[in-house]
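Engineer: Take this structure first; my questions come after.
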Amino acid sequence: MATDFELKGQVIDALEKVEAKDGVSVMDALMIEKVVVKGGEVNLTVIFEDDAPKETRWDMEDKIADAVEEIDGVGDVNVMSATRSGASGKPAASAGGGGGHSHSHGGHSHGPAPSGTPQSKPLDGVGKVIAVASGKGGVGKSTVSVNLALALSKLGHSVGLLDVDIYGPSLPTMLGVNGRPTVREKRIIPLEAEGLKLMSLGFLMEEDTPVIWRGPIVSGIIRQFLQDVDWKGTDYLIIDLPPGTGDAQLSLAQSVPLDGAVVVTTPSDLALIDAARGLQMFKTLKVEVLGIIENMAHYVWPGAAETREAIELLKKDKASSTAIAMLEKTLEKHEKIHIFGDGGGRKEARRLGTPFLGEIPLDGDVRAGGDEGKPIVVRDPQSPVTEAFLELAKRLAGENPVEKDGEGDSDKPKKRRGLFSFLRG
Ligand code: ADP
């Protein structure tokens with residue numbers, strides 16, 4: 001029997017024979033996104049132009065599914081559709097992306113394309129939906145999202161983390177999780193790690209998928225991530241948005257019913273200018289900006305802890321008060337090294353009339369933790385960085401309290417859409 005790897009090759013061969021238009025195959029027309037074969041089950045996504053009529057889409061889905069089903073050894077075939085619209089800067093709400101189409105043994109069903117403005121549709125069973133954004137990449141937005149989520153969880157909240165960073169979904173690496181979410185009773189069950197419910201574009205997309213394909217697909221998928229994933233019972237849903245303030249980000253931010261957003265920046269002037277743009281984006285979207293978080297705010301001198309200990313010993317031994325005073329002064333002056341400048345985030349927050357939520361120190365263990373799948377909050381619960389994240393979580397939760405114990409609307413019947421057939425468990 002053919003292995004999944006061999007089957008995938010045969011699936012691609014078969015797709016090369018399915019004509020898109022004028023003798024060009026669906027592969028050559030770049031219409032096929034991500035082909036996954038697992039245990040003989042084939043999942044794939046077809047990309048259509050925004051204005052492709054639904055009948056055309058369904059015909060094409062049928063043609064593709066029929067071609068794949070003919071391959072010996074292939075079991076269920078799940079074809080999902082998406083449109084190219086997101087990257088073109090149109091609001092996601094009108095993009096009409098993402099009908100699902102299942103060719104499993106039970107016959108097939110056509111999922112309607114989502115419509116309406118999701119912003120007006122709060123998520124059932126979710127307390128607060130908070131986005132973590134940044135004006136540019138590399139400032140630690142994903143690091144803050146993951147550790148903030150873990151800190152909220154440590155405080156006793158039930159937390160979900162949704163990673164929709166198209167440029168590099170980092171949640172799978174940062175938490176050391178991978179796999180495909182399963183479906184139970186028509187709801188997608190998020191993966192779990194360290195007590196968090198997790199959903200990431202990284203669970204669905206191949207790492208080498210070109211970004212130009214990701215944008216169009218995600219705006220449709222994000223709405224499905226929100227509406228069809230079983231987030232019920234989540235107090236805080238943290239969303240890691242892609243960096244930047246371009247049309248793609250705008251349309252993504254727009255497809256999420258946000259209760260508020262935090263903007264991550266580093267203290268450097270350039271990052272602060274970008275952060276200001278980020279704030280402007282949320283103002284445009286009429287989303288409340290909960291505040292600015294300054295990441296990599298300062299470096300903690302590694303000798304600080306030992307020096308503090310030495311001062312205590314010297315005091316106990318009634319050593320020279322001049323020496324003690326000198327050491328105390330050294331500690332005060334050098335404990336926090338402001339590599340990118342001091343107080344920039346706080347000043348900028350004041351200038352923009354936005355709350356300053358706190359500083360996260362720069363620490364090599366943060367990077368190491370992210371690379372090893374053990375974020376600093378679980379890797380080193382006593383570290384100053386963990387303390388900083390806990391402070392941040394307390395402040396955010398304090399200012400954005402959620403109703404608990406089913407006081408919310410979690411039992412309200414949910415409107416269903418027949419999507420995500422491709423994820424059938
Ligand atoms: P973004 O999501 O903004 O692109 P990441 O969270 O991926 O940024 O962080 C970029 C890099 O910086 C990663 O290697 C991460 O581990 C590192 N990093 C983030 N925050 C810190 C910090 N406070 N101290 C040290 N390294 C950090």
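The values are calculated or read from the model by the stated rules, or taken from the named source; none is laboratory data. If you're wondering where the values come from, they're calculated on a predicted model, not measured in any experiment. Quick reminder, even Gly has a Cβ in these numbers, built from the backbone with ideal geometry, and neighbours come from all protein chains shown. Accessible surface is based on the protein model in full, side chains and every heavy atom, while ligands, DNA and RNA are left aside. Shrake-Rupley method; radii C 1.70, N 1.55, O 1.52, S 1.80 Å.
Engineer: Sorted by packing (mean other beta-carbon atoms within 10 Å per residue), highest first, where do 316-324, 183-191 land?
Structural biologist: Going from most to least packed, we get 183-191, 316-324.
Engineer: Ok, one more. Around residue 295, which amide H atoms from residues at least 5 apart in sequence, or from another chain, sit under 5 Å from its own amide H, with H modelled in the peptide plane?
Structural biologist: Residues meeting the criterion, in which the H sits 1.01 Å from N, are 265, 266, 360.
Engineer: For residue 315, give me every one of the lysines with a C-alpha distance below 29 angstrom, ignoring sequence neighbours fewer than eight places off in its own chain.
Structural biologist: In chain and number order, the partners are 329, 333, 336.
Engineer: Now for a different question. Sort 57, 379, 346, 351 from largest to smallest accessible area, using a 1.4 Å probe on the heavy atoms of the protein chains.
Structural biologist: 351, 346, 379, 57
Engineer: Sticking with this one: Hey, what do the phi angles of the range 271-287 turn into as Karplus ³J(HN,Hα) couplings, whole Hz, using 6.51/-1.76/1.60 and θ = phi - 60°, x for Gly and Pro?
Structural biologist: 5, 5, 4, 5, 4, 4, 5, x, 4, 4, 4, 5, 4, 4, 7, 6, 9
Engineer: What FRET efficiency comes out for residue 24 versus residue 69 if R0 is 25 angstrom and r is the Cβ-Cβ distance? Round to the nearest 0.05.
Structural biologist: Efficiency computed from Cβ-Cβ geometry: 0.65.
Engineer: What FRET efficiency comes out for the pair residue 314/residue 351, r = Cβ-Cβ distance, R0 = 25 Å, nearest 0.05? Don't skip to the end; give the middle numbers.
Structural biologist: Details: r = 43 Å, r/R0 = 1.73.
So, using R0 = 25 Å, E works out to roughly 0.05.
Engineer: Around residue 182, which amide H atoms from residues at least 5 apart in sequence, or from another chain, sit under 5 Å from its own amide H, with H modelled in the peptide plane?
Structural biologist: 189
Engineer: For the pair residue 284 and residue 321, what calculated FRET efficiency results from E = 1/(1 + (r/R0)^6), where r is the Cβ-Cβ distance and R0 = 51 Å, to the nearest 0.05?
Structural biologist: Efficiency at R0 = 51 Å is approximately 0.30.
Engineer: Given an 8 Å cut-off on Cα distances and at least 6 residues of separation, report the relative contact order of the range 295-405 as a percent. Before the final figure, lay out the partial values.
Structural biologist: Numbers: 90 pairs, mean separation 33.7, N = 111.
Across the range 295-405, relative contact order equals 30 percent.
Engineer: With Cβ to Cβ distances under 11 Å as the rule, what net charge do the other residues near residue 61 carry (K, R +1; D, E -1)? Mind dumping the intermediate values first?
Structural biologist: Numbers: positive: 54, 57, 63; negative: 55, 59, 62, 66.
With Lys, Arg at +1 and Asp, Glu at -1, the net is -1.
Engineer: Here is a follow-up. List every residue whose amide H lies under 5 Å from the amide H of residue 48, counting only residues 5 or more places away in sequence or on a different chain, with H placed 1.01 Å from N in the peptide plane.
Structural biologist: Amide H neighbours of residue 48, under 5 Å, 5+ apart: 82, 83, 84.
Engineer: When ranked by the protection proxy of mean other Cβ atoms within 10 Å per residue, highest first, what sequence do the peptides 223-233, 36-46 form?
Structural biologist: Answer by packing, highest mean first, reads 223-233, 36-46.
Engineer: Throw me the Rg/Rh for the range 228-327, computed over C-alpha atoms with Kirkwood Rh, two decimals. Please report the intermediate quantities before stating the final value.
Structural biologist: Details: Rg = 22.6 Å, Rh = 17.5 Å.
For the range 228-327, the value is 1.29.
Engineer: What net charge do the residues around residue 364 carry, taking every other residue with its C-beta under 13 Å from that of residue 364, with Lys and Arg at +1 and Asp and Glu at -1?
Structural biologist: Within the 13 Å Cβ shell, the charges total -3.
Engineer: Can you tally the net charge around residue 342? Count Lys and Arg as +1, Asp and Glu as -1, for every other residue whose Cβ sits under 15 Å from the Cβ of residue 342.
Structural biologist: Counting the neighbours of residue 342, the net charge comes to -1.
Engineer: ³J(HN,Hα) across the range 5-22 via Karplus (A = 6.51, B = -1.76, C = 1.60, θ = phi - 60°), whole Hz, x for Gly/Pro?
Structural biologist: Karplus values, whole Hz, x for Gly and Pro: 5, 5, 4, 4, x, 5, 5, 5, 4, 5, 5, 5, 9, 8, 7, 8, 6, 6.
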